[in-house]
Amino acid sequence: MRGLLFWGSVVFLALLLLFAVFGPQIRHGPFEIVGSPYIKPSADAWLGTDEQGRDIFSRLAYGARVSLLIGLSVVTVGILVALIVGTGAGYGAPWLNTVLMRFTDGMFAFPDILLAILIVGIVGPSFWAVFGALAVIAWPSMARLLRNQVLSLKEQEFVTASRALGAGHWHVVFKHILPHLVGLISAVAMVEVAMIILAESSLSFLGIGVQPPTPSWGSMINTARTVMRSDILPLLWPCLILSLTILALNFVGDGLRDRFDPKSAAGG
Amino acid sequence: MVLLKRVLRSPVGAQVLRRLAWTVPTLVFITLITFIAGDLAPGDPAVRKAGMHGGQEAVELIREKMGLNRPLHVRYAEFVWNAAHFEFGESLVTPRAVNEIVLTGIQHTGRIALLAILLASGVGILLGGIAAIWRNRVADRLAVSFSTLGICIPNFVLAPVLVYIFAIWLDRLPVAWRDDPERGPWIYLILPVAIMALRPAAVITRLTRASMIDTLSQDFIRTAYAKGVPFWRTIIVHALRNSLVPIMTAVGTSLGFLLTGSFIIETAFLIPGLGSASIDAIRKADYPVIQATVLIFAVLFIAVNLLVDLLLPLIDPRIKEGAA
């Protein structure tokens, strides 16, 4: 069952990637008006049209591109910052640990996406504002996790052995500590991408994310909401694809964690 | 002094004091961030306040009146001082004072958050407990599926879908919030509270399950069974009480998600709360309102987590025995 969910999710995410890359070019462009608003699904517009008569299939695909682009790039930046802060705090001098971890703790005083909302609120909503704001909130949880991992790795015998053989700190960090973090990072990255995609859609739903006419799943849900009394389909598509994406990322993350960390498999 | 020494010497007392002391730098951190954010906001607040027709003199007058000419640290100190007195200045767009806007909002947001956390704790502890007792059985699988879905399905997906089902298709519940003295607020709160509660309920279910599974495998549970303590008494008095610490911590952090979840729910249901006031302010670039709402959300979050941490020694049987 777990294996099935894992591989099913992997296939789904692979298809989503193809959808994001090729979807916007298959029939219509995402900004092109192809007919009257709210046409039912047909041979021409496979999933129907939206409030301005644009092809929903193409806009969903472009939304996938936006979500994946923001999710992957924000998490990449977040991991880099978390690696620097985490290894610095875990491996570095005690005072560095205190300074970095106190700052990280401070970041947790802002729950969830509150800080991102503040940043977007001040800078004004745009693609780069969303990217920056989400990058700021992405790193603290990963930094804390990596720091704990580094702390326990530092005490391992192979590190002591390497140090005893005369290895420098940089050698130890790059050859012995970082390779051991790869598994953990890949598992956490999946869940983190899900979180960022969710945050990006939340901001777009609130109208303070990626701005129109650029499609985003969140803003598609928000506009489709107003007409659901007469037509529910434009609402269902983005809801469905967003929920499935988040679920798939979480399943893959869980699966990777089980693979890399035998202890967690038992806990379920 | 003697009292202070005694408090410091007891492990719980020292822990409580350390926790209280830690709140100070946290508060400094969040006020500093919100203050800097407000200061970095584009445009000159004095120019905006003066409006289109305000000349250079009017702007200078307003700048002087608003105290914008003073150095940064003085203004920060004043910001904190005013915030502590629930004074956030005037809105840049409407002639209303900011604290008036947030005061009406906080009542709506607080009521929904409180109801949602109560519902979520009840459902979460019940489901998590059931899942742990009948581990790997159907009930467990259902509870775990519920919790996975609850964590993954965003509330802005759930809100329109549930509105469609209950308000449009079944026509049982209202679509959005309305001030309705006739029917009272409760019928309007059902959907928002239920949707708000889902994610924390899912998180609490997951944590209760893990924590209860851990506790149920401990020796003292076997001892309780062996000496003939009835099954439910073992579960509630022995297992649940000992699992409460991680559960309560989860309740505290869940409240953070509830507070930010109110941005979505209040926008979706048109509830005039703190969250929708904040989003409204962002659209209008009304920086003092953004500052005030974010600061209130963050302070509430810190306060609740402080409360939870201070309550933990009271509910944790191990700490109490250790102190006695």
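Over all other residues within a Cβ to Cβ distance under 14 Å of residue A:169, the charged ones net out to +3, with Lys and Arg as +1 and Asp and Glu as -1.
Charging the Cβ of each Asp and Glu at -1 and of each Lys and Arg at +1, and nothing else, the dipole of the stretch A:65-258 about its Cα centre rounds to 220 debye.
Quick one: compute the contact order of chain B, relative version, from alpha carbon pairs under 8 angstrom and 6+ residues apart, as a percent. About 24 percent, as a whole number. In the stretch A:65-258, with Lys and Arg counted as +1 and Asp and Glu as -1 at Cβ, which of these residues, A:222, A:68, A:255, has the Cα nearest the positive end of the dipole, that is, farthest along it? Final value for the positive-end residue is A:68.
Dipole magnitude for the protein assembly as shown: about 1800 debye, using +1 per Lys or Arg Cβ and -1 per Asp or Glu Cβ, origin at the Cα centre. Computed from Cα atoms, the angle from the helix A:178-205 axis to the main principal axis of chain A rounds to 30 degrees. Modelled this way, with points 7 Å down the Cα-to-C-beta line, the labels at residue B:47 and residue A:33 are 3.6 nm from one another. Dipole of the stretch B:1-148 computed with +1 at Lys/Arg Cβ and -1 at Asp/Glu Cβ about the Cα centre; of B:11, B:89, B:31, farthest Cα towards the positive end is B:11. Farthest toward the positive end of the dipole of chain B, out of B:288, B:101, B:138, is the Cα of B:138, where the dipole comes from beta carbon charges about the Cα centre. Once you have a ≥ b ≥ c as the square roots of the Cα gyration tensor eigenvalues for the stretch B:1-144, tell me rounded if a/c is under 1.5, and otherwise prolate or oblate according to whether a/b is larger than b/c. Because a/c hits 1.5 or more and a/b fails to exceed b/c, the stretch B:1-144 counts as oblate. Neighbours of residue B:247 by Cβ distance under 13 Å: Lys/Arg scored +1, Asp/Glu scored -1, total +1. Could you please report the charge total around residue A:204, scoring K, R as +1 and D, E as -1 over all other residues with beta-carbon less than 14 angstrom from its beta-carbon? Net local charge, residue A:204 excluded: +3. Between helix A:233-260 and chain A there is an angle of about 20 degrees, using the helix long axis and the longest principal axis of the Cα atoms. Nearest 10 degrees, 0 to 90: what angle lies between the long axis of helix A:127-154 and the longest principal axis of chain A (Cα atoms)? Result, in degrees: 30.
The aspartates and glutamates whose alpha-carbon is closer than 16 Å to the alpha-carbon of residue A:40, local same-chain residues fewer than 8 away aside, are A:50, A:51, A:55, A:231.
For the stretch A:4-52 and the stretch B:63-111, write down the distance between their C-alpha centroids in whole Å. The distance from the Cα centre of the stretch A:4-52 to that of the stretch B:63-111 comes to 46 Å.
Here A:151, A:203, A:4, A:181 are placed in order of increasing Cβ neighbour count within 10 Å, fewest first, which gives A:4, A:151, A:181, A:203. Cross-link partners for residue A:154 among the aspartates and glutamates, with Cα-Cα distance under 20 Å and sequence neighbours closer than 8 places in the same chain left out: A:261. Taking the number of Cβ atoms within 10 Å of each Cβ as an exposure proxy, the fewest-first ranking of B:248, A:220, A:190 is B:248, A:190, A:220. Helices assigned as whole DSSP H runs in chain B whose Cα atoms extend at least 30 Å along their own long axis and whose mean Kyte-Doolittle hydropathy is -0.5 or higher are found at B:11-40, B:98-133, B:186-216, B:241-269, B:287-315. A simple charge model with +1 on the Cβ of Lys and Arg, -1 on the Cβ of Asp and Glu and nothing else charged puts the dipole of chain B at about 1460 debye relative to its Cα centre. Net length available on complete extension from residue A:80 to residue A:108 is 8.2 nm, with 0.36 nm assigned per residue and the Cα-Cα distance removed. If you wrap chain A in the convex hull of its Cα atoms and look at it from every side, the mean projected area works out to 16.8 nm². Residue B:227: which aspartates and glutamates have alpha carbons under 14 Å from its alpha carbon, excluding same-chain residues fewer than 8 sequence positions away? Candidates past the 8-residue exclusion: B:219.
Each reported figure results from applying straightforward, stated rules to the coordinates on display, with no laboratory input. Bear in mind that the values here come from a model prediction, so they are computed numbers and not experimental data. Because the Cβ atoms are built from the backbone with ideal geometry, glycine has one as well, and the counts that use them run over all protein chains shown.
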